[in-house]
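Single-structure report; data block below.
The values are calculated or read from the model by the stated rules, or taken from the named source; none is laboratory data. No experiment lies behind these values; they were computed from the predicted model shown. Here the Cβ positions follow ideal geometry from the backbone for every residue, glycine too, while neighbour counts run over all protein chains shown. For accessibility, only protein heavy atoms count, side chains too; no ligands or nucleic acids. Shrake-Rupley method; radii C 1.70, N 1.55, O 1.52, S 1.80 Å.
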Amino acid sequence: MADLDNKDQTEIDPADMEDVEEVEEEETGEDNSKARQLTMQMMQNPQILAALQERLDGLVGSPSGYMESLPKVVKRRVNALKNLQVKCAHIEAKFYEEVHELERKYAALYQPLFDKRSEIVRAAYEPTDEECEWKPDEEEELTEEMKEKAKVEEEKKDEEKEDPKGIPEFWLTVFKNVDLLSEMLQEHDEPILKHLQDIKVKFSDAGQPMSFTLEFHFEPNDFFTNTVLTKTYKMRSEPDESDPFSFDGPEIMGCTGCTIEWNKGKNITLKTIKKKQKHKGRGTVRTVTKTVPNDSFFNFFSPPEVPESGEMDEDSEAVLAADFEIGHFIRERIVPRAVLYFTGEAIEDDDDDYDEEGEEADDEEGEEEADEENDPDYEPKKDANPPEECKQQ
């Protein structure tokens, strides 16, 4: 009987084992669910998130401990490599100085073409038929019927409208087409920017500290007396002695704007507001008029000053960082390719870059699917049930 009892205790029905496994799985699932809920609650707590972020920030750039574990003789050799790296940084700085000299050289070659562009925009020069002939891309080619129809419509428009001079609102259209610049524009800026005739880039002379100046040329207008507004960016192309490994090419160290000679009542960078103030003792109310800053593109010419100490508050640093980005973009992209930003073709190129990234992501997903199908152990039936229309009747 004892043997029978032991047999009953040791031999368990497989069906009973399945029940046990199911119960364990249910308990594990409940535990995982509770853990997920707890994690979600923690991640929604701003204090916990702030503490976690502070902890992660503290880890950035912190040594892994590997260098400390190296033998002294190896550390000595690593120091020699660092000294070589500093010398590389100084050579790289010289490289960028020569690049700047090349920019100066080729700017002189580009300038006659940019001057011709300016003359056409402001109607100082009418291009010849030969200069206006443009062969469209294959995608732009039209059938003869469509060309004839477009020609008739253009002739009708020309009859209805007066012959415009040059290319009206050329630079204003460029600004409105570029997100980085359109974000700066206010409605009250547009009537002034209609008078903008050209933007030029001037580089510092040979032997002078590295810098470039943006010149905004305006036709006579009712808003200010200046014919040219300038913005100069000072640059540096040398490694910082305290942190030579951070060198990554020339950096903008500061910028200076210019004084806009506004006509009376036309300064759109300022606005007048009225406030009512109540006297604490008497209870009388008076209206006070104050002049306060107003959002405008023309604040671009009054950047924050960088103190000699180099220390600035966060708001000023953010304004300067955005200012440097805008100045660099105008110099590198807008001035050389203005017509393509006017037509929108340069913007389409930028959009195509983002589309290509999306296509690459799609390709990666496709590759993953193909890998699954090529996997000899892959069984689609286990992954998902077939849709109703695919089930055999």
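Observations on the model:
- Taking θ as phi - 60° and the Karplus parameters 6.51, -1.76 and 1.60, the scalar couplings of segment 196-208 work out to 6, 9, 6, 10, 10, 10, 10, 8, 5, 5, 4, x, 8 Hz in sequence order, x denoting glycine and proline.
- Cβ-Cβ distance of residue 163 and residue 131, R₀ of 22 Å, FRET efficiency by 1/(1 + (r/R0)^6): the value works out to about 0.75.
- Distance in nm between pseudo-label sites at residue 79 and residue 278 (7 Å out along the Cβ direction from Cα): 7.2 nm
- Of all accessible heavy-atom area on segment 239-317, the percent that carbon and sulfur account for (1.4 Å): 43 percent
- Here the average projected area of the convex hull drawn through the C-alpha atoms of segment 248-349 stands at 12.3 nm².
- Computed lengthening from residue 333 to residue 36, 0.36 nm per intervening residue step minus Cα-Cα distance: 102.1 nm
- Entries in 82/234; 116/194; 94/202 that, when Cα-Cα distance is taken, lie over 24 Å: 82/234
- Over segment 194-308, the fraction of Cα-Cα pairs per 10 Å bin, rounded to whole percents and listed from the shortest bin up, is 11, 28, 24, 17, 12, 6, 2.
- Inter-probe distance in nm under a simple model that places probes 7 Å from Cα toward Cβ, at residue 187 and residue 243: 4.4 nm
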